[in-house]
1. What pairs come out if I take residues in the range 171-183 that are within 19 Å of Lys160 (Cβ to Cβ) and pair them with residues that are of a type in the set (S, T, N, Q) and surrounded by 14 or more Cβ atoms within 10 Å (Cβ to Cβ) whose C-beta lies under 6 Å away, six or more apart or interchain?
2. Pick from the range 168-222 the residues that are of a type in the set (A, V, I, L, M) and part of a loop (DSSP other than H, G, I, E, B): which of them is surrounded by the most Cβ atoms within 10 Å (Cβ to Cβ)?
3. Being of a type in the set (A, V, I, L, M) and in a strand (DSSP E or B) is the filter; apply it to the range 231-264 and report the residue that is farthest from Glu7 (Cα to Cα).
4. Please determine whether any residue of the range 46-53 is farther than 15 Å from Leu202 by Cβ and not small (Gly, Ala, Ser).
5. Look at the range 1-33 and say how many of its residues are among the polar types (S, T, N, Q), open to solvent by 30 Å² or more (accessible area, probe 1.4 Å) and farther than 18 Å from Lys256 by Cβ.
6. Report, by residue number, each residue of the range 34-82 that is charged (D, E, K, R) and open to solvent by 20 Å² or more (accessible area, probe 1.4 Å).
7. Please pick out the residue among Asp119, Asp108, Asp113 that is of a type in the set (Asp, Glu), over 17 Å from the mean Cα position of the chain (by Cα), closer than 17 Å to Arg156 by Cα and surrounded by 15 or more Cβ atoms within 10 Å (Cβ to Cβ).
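The values are calculated or read from the model by the stated rules, or taken from the named source; none is laboratory data. Given the structure is predicted, the values throughout are model-derived calculations rather than measurements. Glycine gets a Cβ as well: all are built from the backbone with ideal geometry, and neighbour counts include every protein chain shown. In case anyone asks, the SASA skips ligands and DNA or RNA and just uses the protein heavy atoms, side chains included. Shrake-Rupley method; radii C 1.70, N 1.55, O 1.52, S 1.80 Å.
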Amino acid sequence: MRLVILEDYDQASEWAAKYICNRIIQFKPSEGKYFTLGLPTGSTPLGCYKKLIEYHKNGDLSFKYVKTFNMDEYVGLPRNHPESYHSYMWNNFFKHIDIDPNNAHILDGNALDLQAECDAFEKKIEEAGGIELFVGGIGPDGHIAFNEPGSSLSSRTRLKTLAMDTILANAKYFDGDLSKVPTMALTVGVGTVMDAREVMILITGAHKAFALYKAIEEGVNHMWTVSAFQQHPRTIFVCDEDATLELRVKTVKYFKGLMHVHNKLVDPLYSMKEN
C-alpha cells in the first residue's frame, strides 16, 4: 500500500492526474488493447479531471483507446437531470476529451430490471478484460462508491439503499431539500473494485481525516468499507495534509519519507507526442 501525501487539494489532484496519464501512456493502448479505467464522481475528483482535460487539450494524452466504467448512479433520477452521474461525467469530463461515447460505461438507474442492469455491467467489465486502474473517492464514513457501512467486502454490482449520512451529504446538490435526494443507487461492489489490477483512492479535506485513519491504521472492517483495500496488492491512497490530521505522527513521517520514491511515478510526465 502506498500513501501519497501532498500539501493541498490542487497538488493531490495534479499528482493523481499525472499518475493516470502515465499509466495510460505506459500501457500503450491501441485498437486491440484498450486501457480500462474505473472512475468516481463527487467533488473530490473534479480537480483531477480538470488536469486530465488539460493534458488532452495539450496533445499529451488521448482517450481514444480507453474504456471507462463508472462506480455508481442514482436510481430513478432522469439521465439528463443535472445531478445524475451521467450528466456529471459528460459535463465535467467526457465532453472535453476524445473518448468514444460507446466506451464510456455508466450504470442505468432507470433500467426496467435493475439487477439485470447490474449483472450486465459486471459482464461488460469482464469482457473488457477487467479494470486496469480503478480510481475512487470516499465519504466521511469511509464508504467507497455507494458501499455504505456494513456492506459485504466481497460484494458485486447491485442495488443499494443509501445511508442517511450519504443522503444528508448529497442534499447540497439538491438545493438542500432532502425530499429531492435519491434514496437508492446502483453501485459497483467492494469486490468489483478489489478485482481491479490497481486501485487509487483520492481523500482530501479534514472532514475525511477520520475515514483515512480507519482506512489505513486500523484493521479491515466492513463498517469502513474503504479499509478493504489494505488487502489489495496495489493500492495508492492520494491525500492532502488536511486528510492526515487523525493519523499518527510516525505514520505521516514514514510515508512522507517515501515521497521521493512516489514522485518518480509521476516525474517525468509522459506524453503521447513522444510516441
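1. Close Cβ pairs satisfying both conditions: Val181/Asn170.
2. Ranking the candidates gives Val188 first.
3. So, considering only residues that are of a type in the set (A, V, I, L, M) and in a strand (DSSP E or B), the one farthest from Glu7 (Cα to Cα) is Ile236.
4. Looking through the range 46-53, at least one residue is farther than 15 Å from Leu202 by Cβ and not small (Gly, Ala, Ser).
5. Adding up the residues that qualify gives 2.
6. Lys50, Lys51, Glu54, Lys57, Asp60, Lys64, Lys67, Arg79
7. Matching residue, one of Asp119, Asp108, Asp113: Asp108.
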